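A quick write-up on the structure given underneath.
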Amino acid sequence: MTAIRKFAAAAATAVTLGTAASAADIVDIASGDARFSTLVAAVSAAGLVDTLKGPGPFTVYAPINDAFAALPAGTVESLLQPENKGQLTNVLLYHVDDRHLTAEMIPHGSNYFKPILDSARLCITRNASGVSIADGTGQSANVIIANIKADNGVIHVIDKVLLPGTRPACH
């Protein structure tokens, strides 16, 4: 009986350690998915890795590589230059909310949301078709994959890079 208890205790410890070892924060998840290689490079160049590995909670609207590729030629390369770190940081923080917001927590209709980037707003619309996000250019990104759970928040995959600018119309 003692041997069974010891085995059960060892098994429980192994399961607990295995769960802790498999825990993943937002950066770990993005780094492990080739669709986010440009985003990961940008987060690294902006010096935001430690921030997004922090306790959060965070909601990250994560553009896929194709979204970065759709920007005007040379934009990504320019943003990744050390002298443009401030601008890159602003663009990236425009994609982050300091709350844990699953798609179901976003109210139906159109509502303003404040990303971490001070004084900026996003207009997030949730309807029967899904969730879309209007940025400072007046264009919208679509959430193509919602609710990727991370230890420190949630990731919503989007098909456009959000750019700060004027406050989007939100009706």
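The values are calculated or read from the model by the stated rules, or taken from the named source; none is laboratory data. Because the structure is a prediction, the values reported are computed rather than measured. Note that each Cβ is placed from the backbone with ideal geometry, even for glycine, and that neighbours are counted across all protein chains shown.
List of remarks:
- From ALA23, ALA67, residue being at negative phi and at pLDDT 95 or above: ALA67
- Considering only residues in region 145-171 that are among the small types (Gly, Ala, Ser) and not in a strand (DSSP E or B), the one that is farthest from ASP25 (Cα to Cα) turns out to be ALA169.
- Residue in region 139-152 that is over 29 Å from GLY32 (Cβ atoms) and out of contact with any Lys or Arg (no Cβ under 7 Å at 6 or more places or on another chain) present: no
The rows are residues; the columns are (1) at pLDDT 95 or above; (2) within 11 Å of LEU162 (Cα to Cα); (3) not charged (D, E, K, R).
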site	(1), (2), (3)
LYS114	no, no, no
LEU117	no, no, yes
ALA120	no, no, yes
GLY130	no, no, yes
ILE133	yes, yes, yes
THR137	no, yes, yes
VAL143	yes, no, yes
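- Which numbered condition ILE64 fails, given (1) buried (at least 19 other Cβ atoms within 10 Å of the Cβ); (2) over 24 Å from LEU48 (Cβ atoms): (2)
For (1) closer than 17 Å to ALA146 by Cα; (2) of a type in the set (Lys, Arg); (3) touching a helix residue (DSSP H, G or I) at 6+ places or on another chain (Cβ under 7 Å); (4) surrounded by 14 or more Cβ atoms within 10 Å (Cβ to Cβ), each residue gets a yes or a no:
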{"residue": "GLU77", "(1), (2), (3), (4)": "no, no, no, no"}
{"residue": "GLN87", "(1), (2), (3), (4)": "no, no, yes, yes"}
{"residue": "ASP97", "(1), (2), (3), (4)": "yes, no, no, yes"}
{"residue": "LEU117", "(1), (2), (3), (4)": "no, no, yes, yes"}
{"residue": "ARG121", "(1), (2), (3), (4)": "no, yes, no, yes"}
{"residue": "ALA128", "(1), (2), (3), (4)": "yes, no, no, no"}
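- Only a single criterion out of (1) surrounded by fewer than 19 Cβ atoms within 10 Å (Cβ to Cβ); (2) within 15 Å of the chain's Cα centre (by Cα); (3) assigned to a loop (DSSP other than H, G, I, E, B) is not satisfied by ASN142, namely (3).
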